[in-house]
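Working notes, structure below.
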Amino acid sequence: MALRSMGALNVEGRRVLLRLDLNVPLKDGKVGDETRIREAAPTVRALAQRGAVVIACSHLGRAKGKPDPALSLAPVAPVLARLVGRPVRFVPDVAGEVAKQAVAAAKPGEVLLLENLRFEAGEEANDPAFCDRLAALADVYVNDAFGSAHRAHASTAGVARLFQERAAGPLMAREIAALSRVRDDPERPFVAVVGGAKISGKLETLTALARLADTVVLVGGMANTFLLAEGGVVGRSLVEADLVGTAREILAGAAARGTEVVLPTDVVVATGTDAPARTAAVGAVGPQEMILDIGPATRERIANVVATAETVFWNGPAGVFEKPAFAAGTLAIAAALAASAAFTVVGGGESVAAVQQAGLAATLSHVSTGGGAALEFLAGDTLPGVAALEEGA
Ligand code: ADP
Ligand code: MG
């Protein structure tokens, strides 16, 4: 399906409704982490330089369909202005009279930032009347918020179809290109490394990756349930007892297809995340112990598997990496991807944070900040926000 790129839109002298992901953490009324604003800034700057009236919009936090001063986008405007290098006028309204007037007064090259979309109940409800009001503000539509594309909300789905001219912004286009390459056309061998806390919540993605990849490496808390499914002992580790059957099905499916599954053979255990840690063979975990990271032999095995790959996708840390005593596995996986010449993609909140903390983000082919949207995309789901951008949709 063809997506139009932002560069192909005629924006000069026209009003562009630009959906961004400015969902940043706020601390004491100030922006706590600028990463998302910094990523969005080049898109805003490009449109302004091309003479558009830029009407930027985003959600922030979990506003419940009505104004919540603690979740106002107002503190984001000065940060966006600094990072874009142009003034940004904050509009304390989403799509009412105040917004309409602000847009009418704006000149080409000017940037407006609307108030938090979720201050309107119509946003999450994808309400047609709200979509109409939002769409009436602009002539063309650009969506650069991949991380919200799995939600069928007004600003991501409903409003897009009201514009004859609509396009994917550069961040969105990059995410789709990288994740499509992994999902639809991976160079082989394709190695998927999946970890994190739990299987639930990632089950569809895990099942899809087990089908797509040549080798699936299972680490982190989710591997515990697989170890249990294979008859292992996991002490007091985090497990999902109700998913042991599902884990067995995934293993059987992989075996039937000839997909290699790599499970930990040694682990780092402790009786608590602040208790002294030791390395143990899988099978030698004590009844009071918890598996909190993968062990050195497993780390080496994974590095070897990754070294032979042409495509690697990684989601989910290998251990409780927030604690230095249990971070070695996660850091080893990050280093293995960094050292690889393969097409390497990492996705997911904590795994991306781990790669960034290790200073290795620039060495990977793509770092997906799409979170849940990236996992749903890999699972094969058509994301409502992407579908709505497609020509003729
Ligand atoms: P991501 O955000 O990358 O998709 P998840 O949200 O699924 O990853 O999981 C991240 C969390 O998993 C981390 O906070 C980490 O502490 C936890 N975790 C990893 N391994 C274990 C384990 N063996 N036991 C308990 N928690 C774990
Ligand atoms: Mg997470």
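You will find that of ALA336, ALA307, ALA361, the residue that is surrounded by fewer than 19 Cβ atoms within 10 Å (Cβ to Cβ) and under 19 Å from PRO186 (Cβ atoms) is ALA307 and no other. Candidates are the residues of region 343-358 that are open to solvent by less than 10 Å² (accessible area, probe 1.4 Å) and away from ligand 1 (no atom under 12 Å from the Cβ); the one that is nearest to the chain's Cα centre (by Cα) is VAL345. The criterion of at least 3 residues that are within 16 Å of ligand 2 (Cβ to nearest atom) is met by the following helices (runs of 4 or more DSSP H) wholly inside region 283-393: 328-339, 349-357, 372-378.
Between GLU187, GLU175, GLU230, the distinction of being closer than 16 Å to GLU390 by Cα and acidic (Asp, Glu) belongs to GLU175 only. Of all residue pairs spaced 6 or more apart or on separate chains, those with beta-carbon atoms under 6 Å, a first member in region 325-336 that is of a type in the set (Val, Ile, Thr) and modelled with pLDDT of 95 or more and a second member that is within 12 Å of ligand 1 (Cβ to nearest atom) and in a helix (DSSP H, G or I) are THR330/ALA354. Within region 223-252, the only residue that satisfies the criterion of being within 14 Å of ligand 1 (Cβ to nearest atom) and at pLDDT below 95 is GLY232. Screening region 177-205 for residues that are within 13 Å of ligand 1 (Cβ to nearest atom) and assigned to a helix (DSSP H, G or I) and picking the one that is least open to solvent (accessible area, probe 1.4 Å) gives THR205.
The values are calculated or read from the model by the stated rules, or taken from the named source; none is laboratory data. All figures in this text were calculated on a predicted structure; none of them were measured in a lab. All Cβ positions, even for glycine, are placed from backbone atoms using ideal geometry, and neighbour counts span all protein chains on display. Ligands, DNA and RNA are stripped out before the accessible areas are found, and what is left, the full protein with its side chains, is counted by its heavy atoms. Shrake-Rupley method; radii C 1.70, N 1.55, O 1.52, S 1.80 Å.
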